[in-house]
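Derivation of every value follows stated rules applied to the coordinates shown; laboratory data play no part. Small disclaimer: the values here were computed from a predicted structure and weren't measured. Glycine gets a Cβ as well: all are built from the backbone with ideal geometry, and neighbour counts include every protein chain shown.
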Ligand SMILES: Cc1cc2nc3c(=O)[nH]c(=O)nc-3n(C[C@H](O)[C@H](O)[C@H](O)COP(=O)(O)OP(=O)(O)OC[C@H]3O[C@@H](n4cnc5c(N)ncnc54)[C@H](O)[C@@H]3O)c2cc1C
């Protein structure tokens, strides 16, 4: 009976990060289980370049030092000279994390359950096979929950006529006017003629692909872009509720990624946080780390409840952006804002609904 040093359940970004960051320099034998074919997965993960992301600078696809937030009436431009907005593609992250010294065996199988036996775990897969490992890193997570907000989106990578896009400035959030719905367009201009154009909604249920497509087309025609070639698409659902599983009973079970509370639910940003989580786990003797600070979690909770209970159409985000400069804004998005920035954020929010949420 072979007992692996560790078993990774799910080879999304967090499972991959465990292989690279925790075991990459060792000679350990690791087993990973993945339900899907991850070679078919590709999308871009955005984040601001915090200190903990600097070790991955050479796999960054592109950096933007300016970004905009607005709607048809107002457009705020933020800039940061040392913390640009960056993207890493899933494919690059995967290749980087699989390039390690340790021995990783990947099983394209679904894990059904695992339980403790003596000083190791027995893992059962859908085909009734059994595997054994000393530690478990579990990244399976619930993306939707009845009555809870989700961030859902669909994007198209397009090629257009030369000099269509300003490749130095990304559109972080361009809110459109919808009835009782928060919707915005996100544009990553990779070059003057290539961009990812995405339609994003915060609501309780997902829509048909045709809905997001229509919004993308509306935006492109507003920008007078009538001819384009569609290269690829990406879509996703990110929970805007606290997904975090209960702390595992065994010290050798680690909930990682979104499952382990890495997502900042009010914004849907998770990628850089799940990397921070694995880095923190490397330094910790515990099987659990708080990726987000107490005050950040508290503010997030209030903000999500506000979004859930009010027909917010983007005005709070625009007001927030107009009251902060680029460095303050990115520090808030990355959970690193100081007290003055926090006070500015609180001051930007609609007072009465926020006070109500605070006392709930
Ligand atoms: C298209 C897309 C774009 C995103 N863009 C950004 C972004 O720009 N910035 C950002 O910060 N965040 C972004 N996110 C959010 C977040 O970073 C991702 O959701 C990220 O994939 C979360 O990683 P994870 O490892 O926690 O979970 P997952 O990526 O969900 O990985 C879990 C893996 O486990 C596998 N699995 C599940 N059940 C089993 C089972 N029983 N047995 C075996 N395997 C199983 C799944 O197939 C999956 O591959 C995006 C998400 C999506 C979907």
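In what order do 2, 179 fall by count of nearby beta-carbon atoms within 10 Å, going from fewest to most?
Listed from fewest to most nearby Cβ atoms, that is 179, 2.
Bin width 10 Å, alpha-carbon pairs only: give the P(r) of the chain as whole percents, running from 0 to the bin holding the largest distance.
5, 23, 32, 24, 12, 3, 0
For the chain, find the longest principal axis of its Cα atoms and tell me its angle to the long axis of helix 271-283, 0 to 90°, nearest 10.
Here the helix axis deviates by roughly 40 degrees.
Quick check on the range 271-360: take the gyration tensor over C-alpha atoms, sort the square-rooted eigenvalues as a ≥ b ≥ c, and tell me if it's rounded (a/c under 1.5), prolate or oblate.
It comes out prolate by the Cα gyration axes.
For the range 77-140 and the range 228-267, what is the centre-to-centre distance using only Cα atoms, to the nearest Å?
13 Å
Give the shape of the range 150-238 as rounded, prolate or oblate, defined through the alpha-carbon gyration tensor: a ≥ b ≥ c are the square roots of its eigenvalues, a/c under 1.5 means rounded, and otherwise the shape is prolate if a/b is larger than b/c and oblate if not. If you can, show how the numbers build up before the last one.
Values: a/c = 1.86, a/b = 1.76, b/c = 1.05.
Prolate, since a/c reaches 1.5 and a/b exceeds b/c.
Just subtract the alpha-carbon distance of residue 229 and residue 66 from 0.36 nm times their residue separation and send over the number in nm, one decimal.
Full-extension gain reported as 56.1 nm.
Neighbour counts of other C-beta atoms within 10 Å: give me 217, 349, 240 arranged from fewest to most.
Final ranking by Cβ density, sparse to dense: 217, 349, 240.
So between residue 342 and residue 210, what do we pick up on full extension, going 0.36 nm a residue minus the alpha carbon distance?
The span from residue 342 to residue 210 would gain 43.6 nm if fully extended.
Find how much the distance from residue 142 to residue 309 grows on full extension, using 0.36 nm per residue of separation minus their present alpha carbon separation; answer in nm with one decimal.
Gain in length upon complete extension: 57.9 nm.
Can you give the angle from 0 to 90° between the axis of helix 209-222 and the longest principal axis of the chain, with both taken from C-alpha atoms, to the nearest 10?
Here the helix axis deviates by roughly 40 degrees.
Picking from 92, 62, 286, which is most flexible by a Gaussian network model of the chain using Cα springs under 10 Å?
Highest fluctuation among the options: 286.
For the chain, what is the calculated [θ] at 222 nm in deg cm²/dmol (nearest 500), taking -39500 (n - 2.57) for each run of four or more DSSP H residues and dividing by its residue count?
That calculation yields -7500 deg cm²/dmol at 222 nm.
Pick from 113, 279, 151 the residue whose mean-square fluctuation is largest in a GNM of the chain, springs joining Cα atoms under 10 Å.
Taking springs between Cα atoms under 10 Å, the residue moving most is 113.
Nearest 10 degrees, 0 to 90: what angle lies between the long axis of helix 294-309 and the longest principal axis of the chain (Cα atoms)?
It works out to around 60 degrees.
Please label the shape of the range 18-150 as rounded, prolate or oblate, based on the square roots a ≥ b ≥ c of the eigenvalues of the alpha-carbon gyration tensor (a/c under 1.5 means rounded; beyond that, a/b larger than b/c means prolate, else oblate).
Because a/c hits 1.5 or more and a/b exceeds b/c, the range 18-150 counts as prolate.
Between residue 322 and residue 249, how high is the FRET efficiency from 1/(1 + (r/R0)^6) when r is the Cβ-Cβ distance and R₀ = 51 Å? Nearest 0.05.
0.60
What ranking of 312, 105 emerges when the number of other C-beta atoms within 10 Å of each C-beta is taken as an exposure proxy, fewest first?
Starting with the residue having the fewest Cβ neighbours, the order is 105, 312.
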